[in-house]
């Protein structure tokens, strides 16, 4: 096996090699840092890396594994976290000038859980400033491994870019309107936004607390389930964290298309879809039907009003978080980040309340649609990766998040899985969403689709040897 | 630039910013006028949906504590 092939194994395959002594955590860490050295310049995926620390931790994991002290499937597995998640003793910048020198004293809950599971933290990945849709010029755009002249997508850009490029086996990201699923779709990998509250957000810098989710980006659905199992669960440090059912990876891989019932949300099949995306989605529907799935067309009548409901929630909540810095250090934000934060102060309080009420209406409509089917599906984004990320508060930003944001508004679990390629032979994603806390069913259907479609992507052409 | 509620002018933008305690350098209100008009137009569009029978979802009610932010 070549070094590059080792970088693209699944977590389960890597773990099997560790336990058969055909590979070691230290070897995996070394070859990933070699890869980072080769591809970081065109991709700009990382804000900080932990070369020495990661290697030391990998050697310790190797020693433990050989001594029979097996901590489970993530033991010795190299991973990364988005740089808006606190890491004790390591800077957490949120890709901002505001927090450039901030070094937290404790880990975010999800980081602590990854460490407890034996994962090796490679470093912190790039993102849009404060996850709010704009690149800060101090940090620069993170680019797409399929075409480095294009964005990896935001805001978990470095997470998606690094995993797609074989620079780590999993990454944690955050998703407030699509910030895990959109870059995962653009980079041709799996991105998962769990049910709201299933994964703690303690120690993760908030963008919009009622919409924020933490979740994994990986190359396979099984890997997503494996990571989720380690990071999910209640947390006394996060009052919104729930003690809900955590998907069992062994059950996830029992998923089959036969007998499944999926619903295509007809309102999300509008003219904004690029022809190549529509064609790829239609091919996906054939995969479902061929596999024995019943495909229905369902209606969620108000779902397109999500375009108008998202910003009146994100805007005021984000501005409430940033109010103090906005008054004292406004020039330290990227211009459009600053403008978006200023806009958040200009909504009427009644707009915020109306948008929150709309969320309940949307949830009720989704529940009605889900009486007929088990999961809802749609293309993840209307187009392939663009050159640059659109502003959240602009028309293109609204369209980009049109199919992902509804499930931030409802809190329902939603995943994107690779769905072939569209314009310019760039990857796109298929989104699958399910009922609150039925994360396991969503992952089962996604796993079955992934297996049947066989579109789990190979090495992106921008990072081939 | 106007919404159904109020015509968005540089003066309106400056007053809204001032009420929120936000410092705006001279001329910035002119840059913000089209953005404010756009977001408020969208907010007005949401009034087309009757949400009066719905409460905000209880699960989403918690803002983060300051110690979780700083």
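The values are calculated or read from the model by the stated rules, or taken from the named source; none is laboratory data. For clarity, every value in this text was computed on a predicted model and none was experimentally measured. Note: ideal-geometry Cβ built from the backbone for every residue, glycine included; neighbour counts use all protein chains shown.
Restricting attention to region A:41-65, the residues that are farther than 19 Å from residue A:86 by Cα and in contact (Cβ under 8 Å) with a residue 12 or more places away in the chain add up to 10. Of the residues making up region A:56-84, those that are assigned to a loop (DSSP other than H, G, I, E, B) and surrounded by fewer than 20 Cβ atoms within 10 Å (Cβ to Cβ) are A:67, A:68, A:69, A:70, A:71, A:72. When residue A:209 is tested against (1) touching a helix residue (DSSP H, G or I) at 6+ places or on another chain (Cβ under 7 Å); (2) crowded, with 22+ Cβ neighbours inside 10 Å, only condition (2) is not met.
Listed here are the residues, each with its yes/no results for (1) crowded, with 24+ Cβ neighbours inside 10 Å; (2) more than 7 Å from every other protein chain (Cβ to nearest Cβ); (3) part of a helix (DSSP H, G or I).
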{"site": "A:306", "(1), (2), (3)": "yes, yes, yes"}
{"site": "A:316", "(1), (2), (3)": "no, yes, yes"}
{"site": "A:319", "(1), (2), (3)": "no, yes, yes"}
{"site": "A:324", "(1), (2), (3)": "no, yes, yes"}
{"site": "A:340", "(1), (2), (3)": "yes, yes, yes"}
{"site": "A:347", "(1), (2), (3)": "no, no, no"}
{"site": "A:350", "(1), (2), (3)": "no, yes, yes"}
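Number of residues in region A:371-410 that are buried (at least 24 other Cβ atoms within 10 Å of the Cβ), within 14 Å of another protein chain (Cβ to nearest Cβ) and more than 22 Å from residue A:127 (Cβ to Cβ) equals 2. Please specify each residue of region A:57-88 satisfying the condition of being farther than 20 Å from residue A:11 by Cα and touching a helix residue (DSSP H, G or I) at 6+ places or on another chain (Cβ under 9 Å). Selection gives A:83, A:84, A:85, A:86, A:87, A:88. Taking region A:174-291 and the strands (runs of 3 or more DSSP E) fully enclosed by it, no element has 1 or more residues that are at pLDDT 95 or above and out of contact with any strand residue (DSSP E or B) (no Cβ under 6 Å at 6 or more places or on another chain). Tell me, yes or no, whether region A:277-294 has at least one residue that is touching a residue at least 12 places away in the same chain (Cβ under 8 Å) and within 14 Å of chain B (Cβ to nearest Cβ). Looking for residues that are touching a residue at least 12 places away in the same chain (Cβ under 8 Å) and within 14 Å of chain B (Cβ to nearest Cβ), one finds none in region A:277-294, hence no.
Inspect all residues belonging to region A:124-147 and state whether any of them is surrounded by fewer than 24 Cβ atoms within 10 Å (Cβ to Cβ), assigned to a strand (DSSP E or B) and more than 17 Å from the chain's Cα centre (by Cα). Yes, some residue in region A:124-147 is surrounded by fewer than 24 Cβ atoms within 10 Å (Cβ to Cβ), assigned to a strand (DSSP E or B) and more than 17 Å from the chain's Cα centre (by Cα). Selection over region A:178-202 of residues that are facing chain B (nearest Cβ under 10 Å) and crowded, with 24+ Cβ neighbours inside 10 Å gives a count of 4.
Listed here are the residues, each with its yes/no results for (1) at pLDDT 90 or above; (2) facing chain A (nearest Cβ under 8 Å); (3) in contact with a helix residue (DSSP H, G or I) (Cβ under 7 Å, 6 or more places away or on another chain); (4) buried (at least 17 other Cβ atoms within 10 Å of the Cβ).
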| site | (1), (2), (3), (4) |
| --- | --- |
| B:4 | no, no, yes, no |
| B:15 | yes, no, no, no |
| B:18 | yes, no, no, no |
| B:30 | yes, no, yes, no |
| B:34 | yes, no, no, no |
| B:37 | yes, no, no, yes |
| B:45 | yes, yes, yes, no |
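Among the residues of this structure, residue A:301 counts as one that is within 14 Å of another protein chain (Cβ to nearest Cβ), surrounded by fewer than 22 Cβ atoms within 10 Å (Cβ to Cβ) and closer than 30 Å to residue B:47 by Cβ. Annotation note: of A:30, A:115, A:102, the sole residue that is surrounded by fewer than 20 Cβ atoms within 10 Å (Cβ to Cβ) and in a loop (DSSP other than H, G, I, E, B) is A:102. At the interface with another protein chain (Cβ under 9 Å from one of its Cβ atoms) and free of Cβ contacts under 8 Å to residues at least 12 places away in the same chain: does that describe residue A:355? No: the conditions fail for residue A:355.
Residues in region A:358-370 that are surrounded by fewer than 24 Cβ atoms within 10 Å (Cβ to Cβ) and either within 7 Å of another protein chain (Cβ to nearest Cβ) or within 17 Å of residue A:133 (Cα to Cα) (or both): A:360, A:361, A:363. Scanning region A:116-141 for residues that are in contact with a strand residue (DSSP E or B) (Cβ under 7 Å, 6 or more places away or on another chain) and under 25 Å from residue A:88 (Cα atoms) gives A:119, A:120, A:121, A:122, A:123, A:124, A:125, A:126, A:127, A:131, A:139.
Conditions tested, residue by residue: (1) farther than 29 Å from residue A:260 by Cα; (2) in contact with a strand residue (DSSP E or B) (Cβ under 7 Å, 6 or more places away or on another chain); (3) at pLDDT 95 or above.
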residue	(1), (2), (3)
A:360	no, no, yes
A:374	no, yes, yes
A:383	no, no, yes
A:391	yes, no, no
